[in-house]
1. From 87, 109, 93, grab the single residue that is assigned to a strand (DSSP E or B), modelled with pLDDT under 95 and either over 10 Å from the mean Cα position of the chain (by Cα) or over 18 Å from residue 139 (Cα atoms) (or both).
2. Condition first: closer than 23 Å to residue 69 by Cα and outside any strand (DSSP E or B). Now tell me which residues in segment 112-135 satisfy that.
3. Considering 104, 71, which residue is crowded, with 18+ Cβ neighbours inside 10 Å and in contact (Cβ under 8 Å) with a residue 24 or more places away in the chain?
């Protein structure tokens, strides 16, 4: 009888420690900051930002948004319109680490024949300098 109780307790401890580890892994998060300071050209139109093809924010010029995401790889994209990620939108992959911030800048290029918009990762120092001239958009949906 003692062996059965001991085996049951041991099994319970093993199972619950595995669940605790799974819960900890699921709750580990980091943040993605989208920064938009694209200048005068295109400043009247909000750009739509996406993480893993899910619409997260319509971002106006001189604004930034903060998004908490699980750790791991995520695909960011930006486009001119629509709340569903378009097939042709340029995708940009970032690696998010627990408790860390990944800064993603929105770049808007204009040319004679084409306008292009895309994301690129920037350093914390560059981001903080840019953010001094920007405001956080807390209601961007």
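1. Working: 87 fails: assigned to a strand (DSSP E or B); 93 fails: modelled with pLDDT under 95.
Being assigned to a strand (DSSP E or B), modelled with pLDDT under 95 and either over 10 Å from the mean Cα position of the chain (by Cα) or over 18 Å from residue 139 (Cα atoms) (or both) holds for just one of 87, 109, 93, which is 109.
2. Within segment 112-135, 123, 124, 125, 126, 127, 128, 130, 131, 134 meet the criteria.
3. Result: 104 is the single residue among 104, 71 that is crowded, with 18+ Cβ neighbours inside 10 Å and in contact (Cβ under 8 Å) with a residue 24 or more places away in the chain.
The values are calculated or read from the model by the stated rules, or taken from the named source; none is laboratory data. Quick caveat, the model's predicted, so the values are computed rather than measured. Glycine also receives a Cβ, built like all others from the backbone with ideal geometry; neighbour counts cover every protein chain displayed.
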